[in-house]
């Protein structure tokens, strides 16, 4: 009798503990599942009510009371355009910084550059957005460009924002390569440039590609900077100085004032779903690259 | 797990159940006015509970019919259809004019243009007029950079209704997140034009006359200025005028001197005491 009681108390304690630990351990997954199903659930009305027009139309007139139109194509192109351009700026810059830190910098230089990068990575995106808007954008008037908020400015802002992230990731990737490879290359008479560029970088290629993908993932989801300086016009851009309205900026700008449950509301969630799908695909490809190159 | 969810659900239900003894719904234009009033009312009467939702004037009337709102904020007069429904259901709603929304058309200080017509404004915002020289040959042959407000904002609603008249705004319109930012952009950009609530205009920008009439408190209150419209709050008086209670406290405060000052602060023109 007594033993049984003890047993139940112990079992209870055991179950309680495992439940608690499991709940905490799985909370990330649970949140992800809830979030994803919530977004999918909210986007369904967009697909049933608007359908193909979402991707075929470039006209975004969600609140037009006479003839609303919900084409997100222009905004999707805007998102991709800005992301591509930013990647074009930030990836080479990040690689050069990482390369310099790994190959040429002295210990004190590494310390200074590393702490500068860390500090920069702590700057909130809204500060970078405000800086671009107030100090950099007006410079375009001097160049006779009268659309101060444009793709180029937004991309520069995003470059500042993601540079520390890219540089650290790439540096980590290069640092994870075994020293013997670099030393071997140098011993065989290669220059430091060749050793770093042809031997170490090649060995670190999976890490570097991973850094590329994570950077792109981060840029495409960034909201504050593009909300502030991309111009907010939902058009297909024809030049670097055209304004665009990326998906993230649209959601941020309109979600606060949209009528809950309306088609407009649902389409905004659909925009979120697209961003989520992008992020999902990018993360999976990063995983694939890493697992494929594990033998290196 | 299930128990925890149940508890959460119960808390949520309880919160929804107890909150909001008084509900206000309707126009996004009037939204900031209500918001400011509620903030001060809560200081005066800590026990008052008000929920506020902005989702358009039509939603406001619908909520008033359904009884899900005590006050409907609208930026337009009641429609014939709504009047008919009111008569059918034997209901009686009464309007209070709380202020006027006047929209000023602003350009850079260096711009030589002084007056603009409704037709020209429509041309610019629908993308048919793209260069300043098309308005007046003496103006520079430069593109017109035109700014607009967030499509959900009340100012946009008014502008769309009164200027665009059913046509779509050109997608090249630049959208900015705040009125202040809009004003600053105009102050810097010699080829920009924008519309903004009269209350936000400052001397960094130049205000254009519209059809020859300068927006001012007088011309807006008399609607002599074209881009002006009254803002209403509708109260259900089917069971008699609400002489006591939260609705009355709210309206009385709103029409007081302080309430009307807050209308100005929201960027509009107070209807009384001018």
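No value in this document is a laboratory result; all are computed from the given coordinates. As the structure is a prediction and not an experimental result, all values here were calculated from the model. Note that we place each Cβ from the backbone using ideal geometry, even for glycine, and neighbour counts take in every protein chain shown.
Sorting B:101, B:239 by the number of Cβ atoms found within 10 Å of their own Cβ, with the fewest placed first, yields B:239, B:101. Across the alpha-carbon set of region B:28-112, the Rg to Rh ratio works out to 1.11, Rh being the Kirkwood radius. Helix-only arithmetic for chain B: the sum of -39500 (n - 2.57) across DSSP H runs with n ≥ 4, divided by the residue total, places the mean residue ellipticity at 222 nm at -10500 deg cm²/dmol. Modelled label positions at residue B:168 and residue A:280, each set 7 Å beyond Cα in the direction of Cβ, lie 3.0 nm from each other. For the protein assembly as shown, the convex hull drawn through the C-alpha positions has a volume of 248 cubic angstrom per residue.
Extents of region B:27-170, taken as max minus min of Cα coordinates on every principal axis and listed largest first, are 59, 40, 21 Å. The residue A:67 and residue A:180 beta-carbon pair, evaluated with R₀ = 45 Å, returns a calculated FRET efficiency of approximately 0.10. Counting only Cα atoms, the size of region B:132-186 along its three principal axes is 35, 28, 17 Å, in decreasing order. Per residue, the convex hull spanned by the Cα atoms of region B:76-120 measures out at 106 cubic angstrom. Applying 0.36 nm per residue to the separation of residue A:56 and residue A:259 and subtracting their alpha-carbon distance, the gain on full extension is 70.6 nm. Using only DSSP helix segments of four residues or longer, with each worth -39500 (n - 2.57), what per-residue ellipticity at 222 nm results for chain A after dividing by its residue count and rounding to 500? About -22500 deg cm²/dmol. Between residue A:143 and residue B:51, the simple spin-label model (points 7 angstrom out along Cα→Cβ) gives 5.0 nm. The Cα atoms of region A:37-169 cover 64, 44, 22 Å along the three principal axes, with the biggest extent listed first. When only Cα pairs below 8 angstrom with a gap of at least 6 residues are kept, region A:1-127 shows a relative contact order of 10 percent. In percent, rounded to a whole number, the relative contact order of chain B is 27, using alpha-carbon pairs under 8 Å and six or more apart. The Rg/Rh ratio for region A:106-250 is 1.10, where Rg is the radius of gyration of the alpha carbons and Rh is the Kirkwood radius. Considering chain B as a Gaussian network with a 10 Å cut-off on Cα pairs, which listed residue, B:192, B:63, B:237, attains the greatest mean-square fluctuation? Greatest mean-square fluctuation among the candidates belongs to B:237.
Computed over the alpha carbons of region A:25-80, Rg followed by Dmax gives 15.1, 51 Å. All alpha carbon pair distances within region B:158-212 were sorted into 5 Å bins beginning at 0; the resulting P(r) in whole percents reads 4, 15, 26, 26, 20, 8, 0. When chain A is treated as a GNM with alpha-carbon contacts under 10 Å, the residue of A:168, A:239, A:206 showing the greatest mean-square fluctuation is A:239. Mind giving me the FRET efficiency for residue B:89 and residue B:222? R0 is 25 Å, r the Cβ-Cβ distance, nearest 0.05 is fine. Efficiency for this residue pair is about 0.10.
For region B:91-181, the Kirkwood estimate of the hydrodynamic radius, built from every pair of different alpha carbons, is 14.9 Å. For region A:182-296, the ratio of Cα radius of gyration to the globular rule of thumb 2.2 N^0.38 Å stands at 1.57. Cβ crowding within 10 Å, taken as a proxy for footprinting-reagent exposure, orders A:121, A:162 from fewest neighbours to most as A:121, A:162.
Evaluating kT/(6 pi eta Rh) at 10 °C and 1.306 mPa s, with the Kirkwood radius of chain A over Cα pairs in the Stokes-Einstein relation, gives 71 µm² s⁻¹. How high is the FRET efficiency between residue B:274 and residue A:240 when r is their beta carbon distance and R₀ equals 41 Å, given to the nearest 0.05? Working from the Cβ atoms, E equals 0.25. Among B:78, B:145, the order by Cβ neighbours within 10 angstrom, fewest to most, reads B:78, B:145. Taking the DSSP beta bridges with both ends in the protein assembly as shown, the antiparallel portion is around 60 percent.
Does chain B classify as rounded, prolate or oblate by the C-alpha gyration tensor (a ≥ b ≥ c root eigenvalues; a/c under 1.5 gives rounded; else a/b over b/c gives prolate, otherwise oblate)? Here chain B falls in the prolate category.
The C-alpha radius of gyration of region B:174-274, expressed as a fraction of 2.2 N^0.38 Å, stands at 1.36.
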